[in-house]
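Chemist: The structure under discussion is supplied below as C-alpha cells; questions concerning it will follow.
Derivation of every value follows stated rules applied to the coordinates shown; laboratory data play no part. All figures in this text were calculated on a predicted structure; none of them were measured in a lab. Reconstructed Cβ throughout: ideal geometry from the backbone, glycine too, with neighbour counts over all protein chains shown.
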Amino acid sequence: MEHHEIPYLRDIVIFLVAAGVAVPVLHRLRVSPVLGYLIVGAVVGPYGVGLLADNVPWLAWITIADIEGVRTLAEFGVIFLMFVIGLDLSLGRLWAMRRWVFGLGSLQIAITGCVIGAIAFGFGNSPAASLVLGACLALSSTAIVMQLLAESRLLGTPLGRSSFSILLMQDLAVVPILFLVGVLGAQVEGALLPALLRAIGEAAAVLTFIYFAGRVVLRPLLRLVARTRNAEMFMAAILLIIIGTSMLTGAAGLSMALGAFLAGLLLAETEYRHEIEVDIEPFKGLLLGLFFMSVGMGIDYRLVSAEISWLALSVVGLFVIKSAITAVLCRMFGLPGHVSLEAGLLLGQGGEFAFVVVGLAMSLDLLPRDTGQFMLIVTGLTMVVTPLVARCGSILAAKLAAGKATDNAVTSLPQSTLEGHIIIAGYGRVGAILARTLEGDAIPYLALDTDAAKVEAASRAGIPVYYGDASRLEMLRRAHTGSARALVITMDNPGAADHVVRATREHWPQLPIVARARDSAHAARLLALGATEVIQETVEASLELSGRLLQLAGVPEDTVRRRIAIQREIELTIDPAVD
C-alpha cells in the first residue's frame, strides 16, 4: 500500500511540542512567551541541533530544515495579529490618533531612515544601497512589539497607543519603500516622483475601495451567515474576510497585514465583534508563535561567532540610534520622559519587513550579498533580544517615574490648567477600573494615591496617577479641583474618605462628589458631610446578584430593574445599626 506523507507534518508536530510543552516550561521559569518561541526556534532550526543531524541522524526528526516554508505559514500570525488590533479599535478612535500616526510615525521613519542611511553611506555603501538600508531598518517589528504590549496589558496606555501609532505608519510606508527599491533596481531615470505618487495613489484607491465595499457588504454577509446558527460557516466567513482582504492589499503592493487591520476596523463596527474576537484568538496566538520561531531559526550562529564584534556593535548601534530618535520624538509630542524612554527601547529593533526589502534588494543587485546577509543577521538578533531590552526599558522607566513621584508630591502634578477632568482619590482596585473606563471614553482624569508602589507602576505605564494625599487641601488645589467635572473617592480608609468629602465640600460647594462606602453607616456619614452620591460596595454587589437571580427565575427584565431600584432605596434608608 502506497503511503503519502502530508507536507510539513513533522514540522507541525515539532511546533506543537514547542507551543504545548517547551514554551510553557520556559514561561514557568519567568521567560516571556515571545522569547521562549525565539529560543525554541533557535534550538530546533537548521543552525541549532540541525547542524548535528548529519552525524546524529535521529536529530533530523526534531529539526525544522525548511525555514522558507515555515515563514510562509508564519506570515499569517502577523496578519491575524493586525486583524485583532483593528477589531479592538474603531474608525473614530483611529481618526482621533491621526496626529500620532501621521505626525509622530512619519517623523520617526523619515529621521531614522536618513540617519541610518547616512551611516551606511559612510561605511562605503552605494547611495542606492544606503537608501534601501535606511528605509527598511527604520521600521520595527509589529509582531513582537504588539505581542509584548498585549502580554503586559499596556495596549490601552499612552505607551501602547504611541507605539501602535508608529507601527501603523510603518505599515503604511511599505508601499513607497517597495516601490523605491523596485525603481532603484530597474535604474529608471527621471520621473521618479510622479511614479511614486502614482503608486501611492493606487494604494489609496485600493484602501478606499475596500473600506466602502466592506461597509456595504460585510454586515449583510455576517447577518446571513449568523442566521444559519452554524459555527463552522461563521468561522469560514471570518477567515474569508481576513485572508481575502489581505490578498487584495498584497496584490496592490501593500502590506497584507495592513489589509487585515482594515478588515478588523470594519468588523469592529458590527455587532459580531466580540464573537469574532473569541473565535480568532487561538489562531492568532499559535501562528504568532510560529512566526517568532521562524525568526529564531533564521539566525546562523556560526556567522554570529565569526563576526561577533561587528555584529554586537551593529545590534547595539541600531538600538541606540532608533531608541534615541524615537524617545526624543515622543517627548516632543508631549509624552512623559519615562514613557518616551520605554517607547524608544521597545521600538529599537529591526522588523520583519527588513527580510523582504533586503532580499529584494539583493535579487536586484542593489546590495552586495555579504552586506545583505550581515544586515539580515543583525535584524534577526535585534528581534531576538527585544524582550530583554523591553524588560530593561520597563525597569528604567519605573525608576525614573518613581524618582519623580517621590521627590515632591505637589510638584509632580500637572502644572497647566486643567478643565472638565475627573479627579480620582485613591488608585486601588476600584480606582484602576474607573480610570480604565474613563480612558476608554477619552474623558480626562487624574488620580491621587499615597502608595508609592502603585504610583510607580501606573506612571511607568503612562497613566496619570500622582503621589499625594487627597485629604490635603493644597493637593486638591494643585489637582485643579475648582475646574474639575467631578471628584470620585475610592479610598479604602473610611476616615480619610470622610476628610476628603468634608474639605472638598467646604471649599468647592458646587463640585459633584461621588464616594465609595464600606457599609450603610459609612454611606450615611458621607452623605451628611456633603457627598452628592454614595455607592455601597455590599449593597450594590447584593443587588447585582439579586437581579441576575431574578432573571434566571424568569422575571421580565423591566420588572427586575424596577424591583432592584425599589430595593436600593429601601437598603439606603435602613438603620445603619443593622450593619
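Chemist: Arrange the following residues from fewest to most other Cβ atoms within 10 Å of their Cβ: Ser483, Ser305.
Modeler: Working: Ser483 13, Ser305 9.
Placing the least packed residue first, the sequence is Ser305, Ser483.
Chemist: What distance in nm separates the simple spin-label points at Arg436 and Arg10, each placed 7 Å from Cα in the Cβ direction?
Modeler: 4.6
Chemist: I would also like to ask the following. Rounded to the nearest 0.05, what FRET efficiency do Lys399 and Leu224 have when you use their Cβ-Cβ distance and R0 = 41 Å?
Modeler: 0.15
Chemist: Return Cys136, Cys114 ranked ascending by Cβ neighbour count within 10 Å, so the fewest neighbours appear first.
Modeler: On the way: Cys136 27, Cys114 15.
With the fewest neighbours first, Cys136, Cys114 line up as Cys114, Cys136.
Chemist: Could you rank the peptides 462-474, 276-288 by their average count of other C-beta atoms within 10 Å per residue, with the highest value first?
Modeler: Numbers: 462-474: 21.2, 276-288: 17.5.
Top to bottom by mean Cβ count within 10 Å: 462-474, 276-288.
Chemist: Also, I was wondering about something else. Could you give the length gained on full extension between Asn493 and Met233, defined as 0.36 nm per residue of separation minus the Cα-Cα distance, in nm? Provide the component values of the computation, followed by the final result.
Modeler: Details: separation 260, 0.36 × 260 = 93.60 nm, distance 5.36 nm.
Gain on stretching Asn493 to Met233: 88.2 nm.
Chemist: Could you pull out every residue, at least 5 positions away or on a different chain, whose amide H is within less than 5 Å of the one on Tyr466? Hs are placed 1.01 Å off N in the peptide plane, and Pro or chain starts have none.
Modeler: Placed amide hydrogens put Ala447, Leu448, Asp449 under 5 Å from Tyr466.
Chemist: Could you work out the Rg to Rh ratio of the stretch 11-403, with Rh taken as the Kirkwood radius (inverse of the mean 1/r over all Cα pairs)? Walk me through the numbers on the way to the answer.
Modeler: Values: Rg = 21.0 Å, Rh = 21.8 Å.
Result: Rg/Rh = 0.96.
Chemist: With a 10 Å radius around each residue's Cβ, average the other Cβ atoms per peptide and rank 233-241, 23-31, 166-174, highest first. Mind showing how you got there, number by number?
Modeler: Numbers: 233-241: 16.4, 23-31: 12.6, 166-174: 22.9.
Peptide ranking by packing, descending: 166-174, 233-241, 23-31.
Chemist: Now, a different point. So how do Glu68, Glu269 line up by other beta-carbon neighbours within 10 Å, fewest first?
Modeler: Details: Glu68 8, Glu269 14.
Going from least to most buried by this count: Glu68, Glu269.
Chemist: For the pair Ser106 and Arg302, what calculated FRET efficiency results from E = 1/(1 + (r/R0)^6), where r is the Cβ-Cβ distance and R0 = 41 Å, to the nearest 0.05?
Modeler: Values: r = 39 Å, r/R0 = 0.96.
Between Arg302 and Ser106 the formula returns 0.55.
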